[in-house]
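**Student:** Before we start, here is the structure in question, set down as structure tokens.
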Amino acid sequence: MSKWRIGDVTVTKIVELEVTGGSRFILPQATLEAILPIAWMQPHFADERGRLRMSIHTFVVETPTHRIVVDTCLGNDKQNRRIPTWNERQGPFLADLAAAGYPRESIDTVLCTHLHVDHVGWNTMLANGKWVPTFPRARYLMGRVEYEHWSRPRDRADMIAVFADSVRPVYDAGLVDLVETDHRLCDEIGLVPTVGHTPGHVSVRIASRGEEALITGDFMHHPCQIAHPEWASTADADPEQGQRTRERMFGELAGTPVLVLGTHFAGATAGRIVRDGDTYRLDV
Ligand SMILES: [Zn+2]
């Protein structure tokens, strides 16, 4: 378990799944030959062969007034997922969350940076054959644009399943607040629009006592995109917009003390973006 402190705010990482390799489907340009020359990829973000390390985790953000879960991973018992290992999972995520000091009943806010399969899974859990909200005392914040996009009829069976088992049940339970992409949650926490990956995608800005951090969401999937902002993910809805967002964000963050907390970054997970020749690098 990793923990960071940003002024009065603590951020705790709860890992659901870590993998090495097998990520070519998401970042086709990140070949072994392209990754090996980027020296700072090892050891946190790639192995000695150049295979990418990736993580699916939640960040629990605790402020003086709020206890927020940012992105809810894959979930247990889900079906009809495209990736075989994402089906019928029986992982200890909720026990790990409780062991970190955050039993699910104690969470007051759930925030989804976007509504993809690996960010909404633990919104719900299976109880007596029904999908029920995992965090019964929480308001679930979802982007209005994002929700409207994903609630339209879809033809992909996996996308229909994700919305039906992990989004619709919390909406029907009356727990969802649809928010704008620049929404402010409390004194320390606000959303930053970082669209491209999905139409309403947001990142999360944390600021307290002169310190700052940014939870990325999926405007990048892996730190190799800091060295190569032009590498789009196959999951990006609008690849050109995604690249513009990365270039804008790296330009704004480079050389600042803002701690970047990567939503799929393995190992150290966090660092600061600095200029590196004509591109950028993450200092962990
Ligand atoms: Zn993701």
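**Student:** Please give me the summed charge of the neighbours of Glu212: other residues whose Cβ is under 14 Å from its Cβ, Lys and Arg +1, Asp and Glu -1.
**Tutor:** That works out to -1.
**Student:** Moving on to the next point. To the nearest whole percent, what portion of all C-alpha pairs in the chain is separated by more than 33 angstrom?
**Tutor:** Of the Cα pairs, 16 percent sit more than 33 Å apart.
**Student:** Just how much of Arg89 is accessible, in Å², when a 1.4 Å probe is used and the result is rounded to the nearest 10?
**Tutor:** Estimated to the nearest 10 Å², Arg89 gives 30 Å².
**Student:** A further question follows. In Å², and per residue, what accessible area does the chain have when probed at 1.4 Å with the other protein chains present?
**Tutor:** Dividing the accessible area of the chain by its residue count gives 42 Å².
**Student:** Hey, any idea what the orientation-averaged projected area of the convex hull of the range 103-173's Cα atoms comes to, in nm²?
**Tutor:** About 4.9 nm², averaged over all directions.
**Student:** A further question follows. So how much slack lies between His44 and Ala173, counting 0.36 nm per residue of separation and subtracting their Cα-Cα distance, in nm?
**Tutor:** Length gained, His44 through Ala173: 42.4 nm.
**Student:** Hey, in the GNM for the chain with a 10 angstrom Cα cutoff, which one of Phe25, Phe135, Phe219 fluctuates hardest?
**Tutor:** Phe25
**Student:** Mind checking the alpha-carbon convex hull of the range 167-284 and giving the volume per residue in Å³?
**Tutor:** 121 Å³
**Student:** In the range 1-152, carbon and sulfur make up what percent of the accessible area (probe 1.4 Å)?
**Tutor:** C and S fraction of accessible area: 52 percent.
**Student:** What lysines could a cross-link reach from Lys130, if we take a straight Cα to Cα line under 29 Å and drop same-chain neighbours fewer than 8 places away?
**Tutor:** Result set, ordered by chain and number: Lys13, Lys78.
**Student:** Using only alpha carbon pairs under 8 Å that are at least six residues apart, calculate the relative contact order of the chain and give it in whole percent.
**Tutor:** Reported as a whole number, the value is 17 percent.
**Student:** Find the Cα radius of gyration of the range 41-108, compare it with 2.2 N^0.38 Å by division, and give the number to two decimals. It would help to have the intermediate numbers written out before the result.
**Tutor:** Values: Rg = 15.3 Å, N = 68, 2.2 N^0.38 = 10.9 Å.
This ratio for the range 41-108 stands at 1.40.
**Student:** When only the heavy atoms of the protein chains count and the probe is 1.4 Å, how do Asp177, Asp218 rank by accessible area, highest first?
**Tutor:** Heavy-atom accessible area, descending, gives Asp177, Asp218.
**Student:** Assuming R0 = 35 Å, can you tell me the calculated FRET efficiency for the pair Glu33 and Ser106, based on Cβ-Cβ distance, to the nearest 0.05?
**Tutor:** Computed FRET efficiency for Glu33 and Ser106 comes out at 0.15.
**Student:** Taking a cut-off of 17 Å, what percent of all Cα-Cα pairs in the range 1-136 are separated by more than that? Could you put the intermediate results ahead of the total?
**Tutor:** Numbers: 5875 of 9180 pairs.
When all Cα pairs of the range 1-136 are counted, 64 percent exceed 17 Å.
**Student:** What residue among Pro28, Pro84, Pro229 shows peak mean-square fluctuation when the chain is described by a Gaussian network model with Cα springs under 10 Å?
**Tutor:** So, out of Pro28, Pro84, Pro229, the one fluctuating most is Pro84.
The values are calculated or read from the model by the stated rules, or taken from the named source; none is laboratory data. Just so it is clear, the structure is predicted and the values come from calculations on it, not from any experiment. Backbone-built Cβ (ideal geometry, glycine too); neighbour counts: all protein chains shown. Ligands, DNA and RNA are stripped out before the accessible areas are found, and what is left, the full protein with its side chains, is counted by its heavy atoms. Shrake-Rupley method; radii C 1.70, N 1.55, O 1.52, S 1.80 Å.
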